[in-house]
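All remarks here apply to the structure that follows.
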Amino acid sequence: MKVLGLNVQHDGGCCLIVDGQIACAISEERLTRKRGAGGWWYSLRYCLEATGLQLRDIDLAVFSSYGDDLPAGFDGGLTAFGLRPRRSAVIDHHLSHAASSFFASSFDDALAVVLDGAGNNGDTESYFVCEGNRIERLGWNRDRTSARGVGKTYEAFTSFLGWPMMDSGSTMALAAYGSSERYGSLELFDVSGDQISSHLTEKYVQGVLEYSKKYGVDFGEPFSRGQTQVSRDAARFIQDRTERALKQWISGLVRKSGKTNVCLAGGVALNCVANEGIRRMPGIGSLFVTPAASDKGQAVGNAMYGFSVILNGGRPKSFIRDSFGKSHDEAEIRLVLERRQELGNNFIVEAPPIEFARVPAIESEVAKLIAAGKTVGWMQGGSEIGSRALGHRSILADPSRPDIQEHLNRRVKNRAWFRPYAPSVLAEAADAYFDLDVSSPFMLLAPRVHADKAGSIPGVVHVDGTSRPQTVSSNDEPRFRKVIAEFCAIRGLPLVLNTSFNLSGEPIVESPRDAISAFLRSGLDYVAIEDYLVWKAQPLWKNPARSESA
Ligand SMILES: [Fe+2]
């Protein structure tokens, strides 16, 4: 059976399941190169080309949207392009989120909790009981005022602090620099039974301003982007109150549902600090957070639900990794490198010329470069569907370099000073460095770093002593794991710094061309694309005002 999942609105994309296994999945933004791009035309074509299928081969195409429901019979126009008649279905946005997490987990049964900015018809939070291939909505937040939902409340503070509402990771990171002491016992959320809602009455900046006025509290000036202590305290306030409310609410849902396995989905589930608190709650057996928790996972949830429930195809294969993009072959890589070399080295003087070589044991070579203090773009196999780079579209560096965060922030990623970097660690060594007794393959937990180890890996320890490691086991990512193991053999550390291979404000790179473009526009030292190592050659001209190390 061949099932397509397609998301109509923002964070669009396509997922194609063939016989219960994801054959290809990609977000639209990776192809249009515009963050959060909606729709699915580019991603649909990509998935069909990658698998050699055509629309007439598809048994079912499943769509979702947010806001209003899609009309019955919606087929996205695909019937005109070859999809057989009556081969489409529409499912609810939150149902898709729940399916994307439960079916990606290895649980036989679970409580699936959806924490979303907005679903269909005013949904904000909902929860589902999942057993086998059955998913049933058990309840939802009946206060459908979206401003009072957990996601929109967090977004309101994020907007107030000066970032786009989808950039909640900045608020979470900044919170570690603040204290919520000045706010005393001030409440932001009310939790009662299976209901949860905030005191905000408006969305975005206005919501925070009104709340601040009503309760007489100071969050500082809007849009201060962490430059004042009070804004850091405001970030801590929203983070603390969100964590506390979620723990109380989910604890009640666990009791009500009788399930101890919990799956999370929806954009709020990317809050790895809150996830860490939830997984440690009494009553929770195991926690699974799907790596494509935001609406990027809608395409995945739609395809999985279509295969498993609508077509009764059984359980789709659970995730051991989330890289479902297509691999780029050697001919394409060589073409990009040779063309760039020919054009760039002779005519484009704004960027440095490149050199490249095919390296037989590229994992060892990259490990040596990282150990020598270099930063390396690492592009291997298919790209990840989730927001995190997990060893397929990553930038790697030595986590023991004391200046590595500042170097990456200023020369490569152009990120705010307070954003931390994460490590990828050999799974068997994770508990020696982190307070982590479970696997964390998708970087969605934030355990503490053991005090005696923090000094040896300053590049990946946040100011509050936590980190968000990716555990890399021997079966999951053999090539990436080899880089870490080779690095460990040289430096004695079983982990490398791993951040997503993209520049500020851009989606993660997808193609060799994207990778070379990002490489040339940043201070990255090397990029490894499959077996090819690329570096910046000595430019034909040199600015004498800049030192070699600047
Ligand atoms: Fe959503």
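What follows draws every value from the coordinates through simple rules; no lab data is involved. Everything numeric in this text was worked out from a predicted model, so none of it was measured. A quick note on method: Cβ atoms are made from the backbone with ideal geometry, for glycine too, and the neighbour counts reach across all protein chains shown.
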(message) So for segment 330-536, considering every pair of alpha-carbon atoms, how many percent are separated by more than 33 Å?
(response) 11 percent
(request) Report, by chain and number, residues whose modeled amide H sits under 5 Å from the one on GLY139, excluding near sequence neighbours (fewer than 5 apart, same chain). (result) TYR127
(request) Only helical DSSP H runs with n ≥ 4 go in: add -39500 (n - 2.57) per run for the chain, normalise by residue count and round the 222 nm mean residue ellipticity to 500 deg cm²/dmol. (result) -8500 deg cm²/dmol
(message) What three numbers, in Å, describe the spread of the alpha carbons of segment 146-289 along their principal axes, ordered from the longest?
(response) 45, 26, 26
(request) Work out the P(r) tail for the chain: percent of alpha carbon pairs separated by more than 41 Å, whole number. (result) 21 percent
(request) Can you tell me the order of 194-202, 207-215 when each peptide is scored by its average per-residue count of other Cβ atoms within 10 angstrom, highest first? (result) 194-202, 207-215
(request) Output the peptides 146-152, 113-119, 19-25, 221-227 sorted from most to least packed, where packing is the average of other Cβ atoms within 10 Å over each peptide's residues. (result) 113-119, 146-152, 19-25, 221-227
(request) Provide the per-residue ³J(HN,Hα) series for segment 206-223, in order, calculated from phi with Karplus coefficients 6.51, -1.76, 1.60 and θ = phi - 60°, each as a whole number of Hz, with x at glycine and proline positions. (result) 4, x, 5, 4, 5, 4, 4, 5, 4, 9, x, 10, 10, 9, x, 6, x, 6
(request) Can you tell me which of 528-536, 130-138 comes out highest on packing, and rank the rest after it, using the mean Cβ neighbours within 10 Å? (result) 528-536, 130-138
(request) Search the structure for amide H atoms under 5 Å from the amide H of SER106, placed 1.01 Å from N in the peptide plane, and list their residues when 5 or more places away or on another chain. (result) none
(request) Please give the net charge around ALA61, taking every other residue with its beta carbon less than 12 angstrom from that of ALA61, where Lys and Arg add +1 and Asp and Glu add -1. (result) +2
(request) Among DSSP beta bridges lying fully in the chain, give the percent that are antiparallel, nearest 5. (result) 70 percent
(request) Amide H neighbours of ILE395 under 5 Å, at least 5 residues apart or on other chains, H built in the peptide plane: list them. (result) TRP378, THR499, SER500, PHE501
(message) Can you compute 3J(HN,Hα) from phi for each residue in segment 168-183, using the Karplus curve 6.51 cos²θ - 1.76 cosθ + 1.60 with θ = phi - 60°, rounded to whole Hz and x for Gly and Pro?
(response) 5, x, 5, 4, 4, 5, 5, 4, 5, 8, x, 9, 9, 4, 4, 9
(request) Take every Cα pair under 8 Å in the chain that's 6+ residues apart, average their separations, divide by the length, and report that relative contact order as a whole percent. (result) 15 percent
(message) Below 8 Å, C-alpha to C-alpha, sequence gap of six or more: please give me the relative contact order for segment 146-289 in percent.
(response) 28 percent
(request) Find out how many positive minus negative residues lie around ALA422, taking Lys and Arg as positive, Asp and Glu as negative, among other residues whose Cβ is under 11 Å from that of ALA422. (result) +3
(message) Can you compute 3J(HN,Hα) from phi for each residue in segment 441-457, using the Karplus curve 6.51 cos²θ - 1.76 cosθ + 1.60 with θ = phi - 60°, rounded to whole Hz and x for Gly and Pro?
(response) x, 10, 6, 10, 10, 9, x, 6, 8, 4, 4, 6, 10, 4, x, 8, 9
(request) Using just the alpha carbons, could you tell me how many Å³ per residue the convex hull of segment 204-260 encloses? (result) 109 Å³
(request) Pairs to check: LYS2/LYS34; LYS152/LYS203; LYS374/LYS536; LYS368/LYS413. Give those whose C-alpha atoms are more than 18 Å from each other in this structure. (result) LYS2/LYS34; LYS368/LYS413
(request) Can you find, among ALA430, SER500, LEU520, the residue farthest towards the positive end of the dipole of segment 404-520? Put +1 on the C-beta of Lys and Arg, -1 on that of Asp and Glu. (result) LEU520
(message) Which of THR32, THR499 has the fewest other C-beta atoms within 10 Å, and how do the rest follow up to the most?
(response) THR32, THR499
(request) For a footprinting-style exposure proxy, rank ILE310, ILE385 by other Cβ within 10 Å, fewest first. (result) ILE310, ILE385
(request) With unit charges on the beta carbon (Lys/Arg positive, Asp/Glu negative), name the residue among ALA397, VAL268, LEU111 whose Cα is farthest towards the positive pole of the charge dipole of the chain. (result) ALA397
